1. Any residue in region 148-177 that's farther than 22 Å from residue 195 by Cα and of a type outside the set (D, E, K, R): show its pairings with residues that are surrounded by fewer than 15 Cβ atoms within 10 Å (Cβ to Cβ) and at pLDDT 95 or above at Cβ separation under 7 Å, as long as the two are six or more apart or on different chains.
2. Take residue 46 and tell me if it is surrounded by fewer than 19 Cβ atoms within 10 Å (Cβ to Cβ) and either over 30 Å from residue 259 (Cβ atoms) or at pLDDT 95 or above (or both).
3. So, in region 127-149, how many residues would count as being open to solvent by less than 20 Å² (accessible area, probe 1.4 Å) and small (Gly, Ala, Ser)?
4. From the residues in region 72-126 that are among the charged types (D, E, K, R) and within 21 Å of residue 28 (Cβ to Cβ), which one is least open to solvent (accessible area, probe 1.4 Å)?
5. Filtering region 217-246 down to residues that are surrounded by fewer than 21 Cβ atoms within 10 Å (Cβ to Cβ) and of a type in the set (D, E, K, R), which residue is modelled with the lowest pLDDT?
6. Among the residues that make up region 207-215, is at least one of them outside any helix (DSSP H, G or I) and either modelled with pLDDT of 95 or more or more than 19 Å from residue 18 (Cα to Cα) (or both)?
7. Taking the conditions exactly as written (touching a strand residue (DSSP E or B) at 6+ places or on another chain (Cβ under 6 Å), within 22 Å of residue 116 (Cα to Cα), buried (at least 16 other Cβ atoms within 10 Å of the Cβ) and among the hydroxyl-bearing types (Ser, Thr, Tyr)), does residue 58 satisfy them or not?
8. Hey, could you check region 247-272 for residues that are crowded, with 24+ Cβ neighbours inside 10 Å and among the aromatic types (Phe, Trp, Tyr) and say which is farthest from residue 96 (Cα to Cα)?
Amino acid sequence: MKDVIFVGWVNQRRAPVDGETAKNQYIIAELKKYCKVTVLDFYKKRKHPWVYLQALWSVVTMPQATIVLSTSASNIYSMLKWFKKLNLQRNVVHWVIGGTLGDRVKYGVFNADVIGYAKYTLVESPLMLRQLEECGVKGVIQVPNFKHIDYLPQVSKPKDTLRFVFLSRIMAEKGCNEILEAAKLLNEWGMQDRYIVDFYGKVADNYKTTYEEGISRLSNVKYQGFLDMRQKEGYDKLATYDMLLFPTYWRGEGFAGIFIDAFVSGLPMIITDWAHNSQFVKEGETGLFIPIHDAKALAQKMKECIEGQHDIGKMKELCQIEAKKYDVRKIVTEDLLKKIEII
């Protein structure tokens with residue numbers, strides 16, 4: 001078996017804490033089917049600083065190993081600069097996390113020659129692939145986000161009271177202010193008894209006061225804690241809702257893992273036309289688009305759904321059809337690993 005040195009946020013032997021750790025745990029599990037994987041886990045590295053010594057030792061003692069870099073663009077850029085300076089002759093695979101890399105290269109924040117020092121760059125969206133290729137980066141391959149999908153829950157049919165849900169990190173940049181303001185507008189329009197909004201996720205520390213004050217004024221908007229999307233029960237619960245609200249404008253948004261969770265659970269989205277979202281969500285089929293920072297547009301779209309102007313039942317079916325594309329076993333395949341010279 002060939003050696004692989006895997007570098008990234010992993011949170012080994014524990015539950016994923018975010019999209020990066022979830023994705024990396026999936027990648028490692030698939031790599032281990034074909035390779036001997038040495039994991040350099042930089043999650044909370046200050047608590048185990050010896051990971052730096054482990055990294056140096058691994059690179060020196062495994063000269064034939066492929067190096068897979070899968071963490072934030074800024075960290076990867078620093079590592080690739082060193083590799084280029086040292087003229088490190090290795091098979092380096094950059095498995096891109098998030099959605100900002102293409103813009104950073106396009107607008108000169110990152111040097112294309114440094115990013116291109118990785119032999120293969122795996123990006124989630126067609127847009128980023130085009131951006132990097134236009135900047136002269138070679139070896140760019142589109143590999144969408146993925147999850148382990150072996151279960152599709154029974155979806156609920158829309159009822160008189162439409163059930164909206166938000167599932168992500170609860171912070172302003174994910175559009176939570178717009179959701180609260182849209183709910184306020186709907187209630188002022190006399191629709192308070194015709195819908196609910198439930199929030200799931202960790203509340204950002206710097207947003208907690210604003211969020212708690214906002215929901216305290218809205219009797220049909222509630223915080224429901226956490227959903228464990230590693231368990232069937234998490235998908236069963238998510239499938240009891242009718243639509244996902246995701247009015248994000250977070251600058252790091254790529255192919256959000258929540259898209260796959262929504263597809264699996266048969267949840268069409270009301271989503272902002274932001275970053276790479278339109279690459280993965282189809283207007284009128286798996287989602288409905290609104291501009292960023294526009295609570296009134298969100299409220300209007302929610303109102304249309306409450307009043308039955310969109311065929312949510314059909315959209316739910318299309319979401320679960322879409323979900324099947326993103327099973328990790330269909331994406332991180334033996335053919336892909338051969339193509340990027342890992343095996």
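1. Between residues of region 148-177 that are farther than 22 Å from residue 195 by Cα and of a type outside the set (D, E, K, R) and residues that are surrounded by fewer than 15 Cβ atoms within 10 Å (Cβ to Cβ) and at pLDDT 95 or above, the close pairs are 153/236.
2. Considered against the rule, which asks whether it is surrounded by fewer than 19 Cβ atoms within 10 Å (Cβ to Cβ) and either over 30 Å from residue 259 (Cβ atoms) or at pLDDT 95 or above (or both), residue 46 comes out as yes.
3. 0
4. 124
5. By that ranking, first place goes to 230.
6. Scanning region 207-215, I find no residue that is outside any helix (DSSP H, G or I) and either modelled with pLDDT of 95 or more or more than 19 Å from residue 18 (Cα to Cα) (or both), so the answer is no.
7. no
8. Selected residue: 263.
The values are calculated or read from the model by the stated rules, or taken from the named source; none is laboratory data. Since the model is a prediction, treat every value here as computed from it, not as a measurement. Note that we place each Cβ from the backbone using ideal geometry, even for glycine, and neighbour counts take in every protein chain shown. Accessible surface is based on the protein model in full, side chains and every heavy atom, while ligands, DNA and RNA are left aside. Shrake-Rupley method; radii C 1.70, N 1.55, O 1.52, S 1.80 Å.
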